[in-house]
Each structure stands twice: as C-alpha cells, then as structure tokens.
Amino acid sequence: MGTLKAAADQVTKDGLIVFFQGAPPHIVADEVHRFFVHQGYRLEKGDPACGVYGKGSAVLRILFGAFAKRFKFDVDVRPAESYTELWITKGMSGAGGGIIGYSKMKKELDRIREALRRFFL
C-alpha cells in the first residue's frame, strides 16, 4: 500500500488516470516510482514525474517476439488547480509479438490498473 490515498480514478482505453486531492506532484511522482520498482519495472527514460517505466528487454522482444517479456508504460504527473493527476498509459502496443503480444500487453495493463488501485485507493 502506498502512503498516499487517491480521491478517484478513471479507466481509459490505454491506461488509468488517478486524482490526488492536496498531494504535491513531486510526492505523487515519488510514490509512483516506488510502485513501479516494486512491480519489477525500472525508469528507462525521463524522471518519475514524466517518464517511461519498462520491464524486460527490447532487444529480446525484437528477436523473439511474444516469447520475450517486454512491457512499457508512460507516466505523467500533472498539477491541476486543487489536485494532482497521474496519467499512466501503455508505452507500447504489443504488436512486436503479434496476436500473443497484444494479448500479453492487455493482460499486463489490466494487472497494472488493479495493482495501482490497490496501492492508491
């Protein structure tokens, strides 16, 4: 469980938006980083407030398609008037692994959505 509690969330086609009342963006970003590291991801690009978290090898995914585990998510923490928004979206379609790759990416997106909800709600 995270130390922050979200006010609400909204499922999108490619991810999830989580709303935090009264939480500064840098605190939200730190908690999101902690969440992804706990899930086995690493920050591959950017910073915790605006970055890309990945798991697995991009090279192996290219070589072996769906037989190589590879997932990527984009994270964007956005300040608003009275709350902070956390946007998490798929950073890849799964197309590199064909139909199996699409299916695996969808399952991982669903898993991450539920894990985020348990972490923040």
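FYI, it's all coordinate maths here, none of it is from the lab. Every value quoted in this text rests on a predicted model; they were computed, and no experiment measured them. In this analysis, Cβ positions are derived from the backbone assuming ideal geometry, glycine residues included, and neighbour counts consider all displayed protein chains.
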Amide H contacts of Met92 (H built 1.01 Å from N, under 5 Å, at least 5 apart or other chain): Lys72
Which angle between 0 and 90 degrees, to the nearest 10, do you get for helix 98-120 versus the longest principal axis of the chain when only C-alpha atoms count? 20
Output the relative contact order of region 39-121, whole-number percent, from Cα pairs under 8 angstrom with separation of 6+ residues. 21
What residue among Val75, Val11, Val37 shows peak mean-square fluctuation when the chain is described by a Gaussian network model with Cα springs under 10 Å? Val11
What's the angle, to the nearest 10 degrees (0 to 90), between helix 25-38's Cα axis and the longest principal axis of the chain? 40
When the dipole is taken about the Cα centre of the chain, and only Lys, Arg (+1) and Asp, Glu (-1) are charged at their Cβ, what size is it in debye, to the nearest 20? 640
Residue-count net charge about Leu86 - beta-carbon cut-off 11 Å; Lys, Arg +1, Asp, Glu -1: -3
Among the GluC sites (Glu not before Pro) in region 49-121, which ones are in a DSSP loop with at most 15 other Cβ atoms within 10 Å of the Cβ? Mind listing them? Glu81
